[in-house]
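Read the structure below first, then the notes.
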Amino acid sequence: MVLDCFSRRVVGWCMREDLSTRLVLDALEMAIANRRPGAGLIFHSDRGCRYTSYVFGRRCKEAGILPSMGSVGDALDNAVAESFFATLECELIGRSTFRNRRKARMAVFEYIEAFYNPRRRHSSIGMLSPAEFERRWAQDQTDVA
């Protein structure tokens, strides 16, 4: 999952049967397609082998993204992402039974795209949803210009 820390919006995600580099590359590609990031974007992660791989680093460089990694054993370093996963577990995974991976993937898609991004409120952004926070921020930029 790739989460925009500014708005708490999930901008890229992927589900796979394994924890390969392809998993994080697919989530990163979705985030790049959704955001079209410019120079100066920072991608922060833990020190998992998927994030330290040559292929992942090369793709970040190609996209103008600066990889950033937390220190070893620092549980608070990735708190925003961990908070998302705890919320997903509490609000969806822990309350559901899925007949197969396809059903699980659809449920996660619906949770992120139909609830989490457009409707779920966050205290860190003034009790707004990520989509509403971004909409208001964009409007404020227009009003200033």
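The values are calculated or read from the model by the stated rules, or taken from the named source; none is laboratory data. Here the structure is a predicted model, which is why all the values come from computation and not from measurement. In this analysis, Cβ positions are derived from the backbone assuming ideal geometry, glycine residues included, and neighbour counts consider all displayed protein chains.
Quick look at the numbers
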item	result
Residue, surrounded by the fewest Cβ atoms within 10 Å (Cβ to Cβ), within the range 92-114, restricted to residues that are touching a residue at least 24 places away in the same chain (Cβ under 8 Å) and not aliphatic (A, V, I, L, M)	Arg101
Scope the range 125-135; condition among the small types (Gly, Ala, Ser) and surrounded by 13 or more Cβ atoms within 10 Å (Cβ to Cβ); matching residues	Ser129, Ala131
Residue count for the range 1-27, restricted to those that are surrounded by fewer than 18 Cβ atoms within 10 Å (Cβ to Cβ) and among the basic types (Lys, Arg)	2
Filter result for Asp46 (at pLDDT below 95 and under 15 Å from the mean Cα position of the chain (by Cα))	yes
Positions within the range 28-52 being out of contact with any helix residue (DSSP H, G or I) (no Cβ under 7 Å at 6 or more places or on another chain) and surrounded by 19 or more Cβ atoms within 10 Å (Cβ to Cβ), in sequence order	Ala31, Ile32
The range 67-83, residues that are more than 17 Å from Arg8 (Cα to Cα), exposed (fewer than 11 other Cβ atoms within 10 Å of the Cβ) and among the aliphatic types (A, V, I, L, M)	Val72, Ala75
Unmet requirement for Asn78, which otherwise passes all of (1) touching a His at 6+ places or on another chain (Cβ under 8 Å); (2) polar (S, T, N, Q); (3) without any contact (Cβ under 8 Å) to a residue 24 or more places away in the chain	(3)
Residues (over 27 Å from Gly73 (Cα atoms) and more than 13 Å from the chain's Cα centre (by Cα)) located in the range 34-43	Arg36, Pro37, Gly38, Ala39
Filtered residues of the range 51-90 (kept if under 24 Å from Glu113 (Cα atoms) and charged (D, E, K, R))	Glu82, Glu89
Of the criteria (1) surrounded by 13 or more Cβ atoms within 10 Å (Cβ to Cβ); (2) at pLDDT 85 or above, which one Gly64 fails	(1)
Near pairs, Cβ below 8 angstrom, 6+ apart or cross-chain, from the range 117-138 (free of Cβ contacts under 8 Å to residues at least 60 places away in the same chain) to any residue that is assigned to a strand (DSSP E or B)	Arg121/Leu128; Leu128/His122; Ser129/His122; Arg136/Leu128
Number of the exception - Asn78 against (1) closer than 27 Å to Arg105 by Cβ; (2) of a type in the set (S, T, N, Q); (3) at pLDDT 85 or above	(3)
